[in-house]
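Values quoted throughout were computed directly from the atomic coordinates according to the rules given, and no laboratory measurement underlies them. Owing to the predicted nature of the structure, the values given are computational and were not obtained by experimental measurement. Neighbour counts are summed over all protein chains in view; Cβ atoms, including those assigned to glycine, are modelled from backbone coordinates with ideal geometry.
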Amino acid sequence: VNKIVTILASLAAMSAASFAQSVTPMRGEARSFADSFAVRIVVGNPYKNKQVFAVRVYDDKFYPVEAQVTFSEVTIPAQGSKSVVVMVPFDGMTTRKVRVCAEGMFGKANEQRLRTQVCGKYVGTRVGS
Amino acid sequence: MKKIIAITIASMMASSISSFAATGTASFAGTVDSTCVITAGNPGRVTPNADYSNLSSANPGGYASQVTALATGNTFSLSTDVPAGISADTSSSSYTLSGATNRPITDGTSAAPLSSGLTNVSVDMSATRNSGVFTAGAYNSVVTVRCE
């Protein structure tokens, strides 16, 4: 296992108290000396009851990215929030743009269902290589 | 005389303390993150057209799904994906925005910039079969509403 050194940069400065907001921050840049970079987001639940959200990572063309997510599915109490860290591999690139999305599914099986998706856009830059 | 002087001094001190307290301040600071909150409202309903080749929320008896999008900045956009879950030759979604952002019916794949504030989103969907009909049964679809 490669030793991963990551710079969270400004992304780490987020407040865990940012409730009632689906994803914060929604823009960010990270610099890393290693083969991957980290993004920390806070997923918030604006609803009046607990909800389950999936955390998915996509590239800038919305193809899935194989990233490590601390909680790929999070259950968040009403008006609560939870911090999620995503490790994104550079996969040979020096700069990588990704979307990290919090996804919720709403509606009963016999209805027109909605998948709500709030996506932040993040850029990782590899330095020192 | 000493008594009068003492009372006067005490009175002045009390007055000074009182006026100092009256001009005191309490400071507050805070930040609002730039973000987007999507809240799902009432789900929609699709119904068939007269020849049963189309299922749509715009057909008689159907109605759109309701969502709100709250933006605290002006850098976000909203879009909807092609509906999934119903086998059809062509499927599409569309949306209409009102409130902080106003936009007439727009194809879902076209992203609309959101103004800061609360925007009401009506999401419609349609699925069409070029040949054959939608036979009797339950049809369920999923439309993704995205803010990014």
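The distance from the alpha carbon centre of segment A:51-66 to that of segment A:69-98 is 9 Å, rounded to a whole number.
Please compute, over every Cα-Cα pair in segment A:32-100, the percentage with a separation greater than 16 angstrom. Of the Cα pairs, 51 percent sit more than 16 Å apart. The long axis of helix B:2-22 is offset from the longest Cα principal axis of chain B by roughly 10 degrees.
The GluC sites (Glu not before Pro) of segment A:19-124 that DSSP puts in a loop, and whose beta carbon has at most 12 other beta carbons within 10 Å, are A:GLU66. Among B:ASP124, B:ASP81, B:ASP33, the largest mean-square fluctuation in a Gaussian network model of chain B (Cα springs under 10 Å) belongs to B:ASP33. Computed over the alpha-carbon atoms, segment B:72-143 gives an Rg to Rh ratio of 1.10, Rh here being the Kirkwood radius from the mean inverse distance.
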